[in-house]
Amino acid sequence: MKKILVTGAVGQIGSELTVALRKKYGDDKVIATDIRMPSDIELRNSGPFEILDCLDSHHITRVMQIHKVDRIYHMAAILSAVGESKPNQAWQLNVNGLYNILEAARQYQCSLFFPSSIGAFGPATPKVNTPQDTIQRPETMYGVTKVAGELLCDYYHKRFNLDSRGLRLPGLISYATEPGGGTTDYAVEIFYEAIKHKQYTCYLRDDCSLDMMYMPDAIRAMIELMEAESSKLIHRNAFNITAMNFTPSTLSESIKKVIPEFEISFNIDPARQKIADSWPDSIDDSSARNEWGWKPKYDLDAMTNDMIAKLKGKMSLPEQQKSR
Ligand code: SER
């Protein structure tokens, strides 16, 4: 039976992934780790939790030994916008942290999931329907660390036969957890503001198209990829996946179908706009569909309806129950 270690388990993806993995494999089979304690009661009480810094390689191997881990979801990372203001920390955590995890995975013969991103592409990449195999010359530190991560994971697979697999995730939208420091965060903030104030001031241009995905689809993709038949995987690190692509303007039209009074205005943040402009408008995920059967469930309107219903429910709860 699998014992799974999740790093960055308190973060945007890690917190929902941990709960989903515990539901699928059993509470005691999933060891959540992070550099901070979770405030979310369900996450804290539903299974083992360890404080773990991915820059501490000895501690990683100790935790893996104690818990007899044989699969790792390595979610600890710094996102794109914060990565530009703290490039040194982004390199340390996103590359050196991954390296420590890869070494531990090699030593204990674990399979490994690594999240890459649409940020692994750059201005020289074909912008529309971006192919699986194409030019990757990102101009953000975040993108540089993601390309390095993809290459490192491929290297460990080819050199040491380590079962590493990864996804180039698009912007993720969730009602349960808020993002921190990404370029695509507007697509989450907009829902909170639409419900609270019927108004949102967006920091990206109205016509800025980016790939996006609702969190339940993303969690399912991460689990399905790790369960996929190994012999069918040609790409491994890392698969393009998407569920939808929209602009702030088309997202606001979708919200207006549910909240007709909603209005969007714009106050462009040049730093985040520059990052978004260097990423694809839309990506081609046919390799993921063909090699392991990827198929999203939520399109834009389905996500908008579910987000608004779930967020309204969450926002009407007493303060201490709001974290999930
Ligand atoms: N959502 C991420 C970001 O904006 C992209 O992977 O940084």
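The values are calculated or read from the model by the stated rules, or taken from the named source; none is laboratory data. The structure presented is a predicted model; accordingly, all values stated were derived computationally and were not measured. For neighbour counting, all protein chains shown are included, and Cβ atoms are generated from backbone atoms with ideal geometry for every residue, glycine included. Heavy atoms of the whole protein, side chains included, go into the accessibility calculation; ligands, DNA and RNA do not. Shrake-Rupley method; radii C 1.70, N 1.55, O 1.52, S 1.80 Å.
Quick check on Arg71: is it surrounded by fewer than 17 Cβ atoms within 10 Å (Cβ to Cβ) and over 30 Å from Thr130 (Cα atoms)?
No, not satisfied.
I want to confirm something. Restricting to the range 264-278 and keeping residues that are in contact with a helix residue (DSSP H, G or I) (Cβ under 8 Å, 6 or more places away or on another chain) and more than 16 Å from the ligand (Cβ to nearest atom), which single residue is most open to solvent (accessible area, probe 1.4 Å)?
Of everything passing the filter in the range 264-278, Phe266 is most open to solvent (accessible area, probe 1.4 Å).
For the range 163-185, what are the residues that are closer than 25 Å to Gln273 by Cβ and either aromatic (Phe, Trp, Tyr) or near the ligand (Cβ under 9 Å from one of its atoms) (or both)?
Arg168, Leu169, Pro170, Gly171, Leu172, Pro179, Gly181, Gly182, Thr183, Thr184, Asp185
Determine if the range 238-245 includes at least one residue that is open to solvent by 50 Å² or more (accessible area, probe 1.4 Å) and either over 23 Å from Tyr200 (Cα atoms) or more than 16 Å from the ligand (Cβ to nearest atom) (or both).
No: the range 238-245 contains no residue that is open to solvent by 50 Å² or more (accessible area, probe 1.4 Å) and either over 23 Å from Tyr200 (Cα atoms) or more than 16 Å from the ligand (Cβ to nearest atom) (or both).
Can you find, within the range 186-197, the residue that is farthest from the ligand (Cβ to nearest atom) among those that are among the β-branched types (Val, Ile, Thr) and within 17 Å of Gln273 (Cα to Cα)?
Ile190
Could you tell me whether the range 198-216 includes any residue that is away from the ligand (no atom under 12 Å from the Cβ) and at pLDDT below 95?
There is no residue in the range 198-216 that is away from the ligand (no atom under 12 Å from the Cβ) and at pLDDT below 95.
Which of the residues belonging to the range 14-49 are charged (D, E, K, R), under 17 Å from Lys3 (Cα atoms) and surrounded by fewer than 17 Cβ atoms within 10 Å (Cβ to Cβ)?
The answer is Lys23, Lys24, Asp27, Asp28.
If Ser116 passes every condition in (1) within 12 Å of the ligand (Cβ to nearest atom); (2) farther than 18 Å from His235 by Cβ but one, which one does it miss?
(2)
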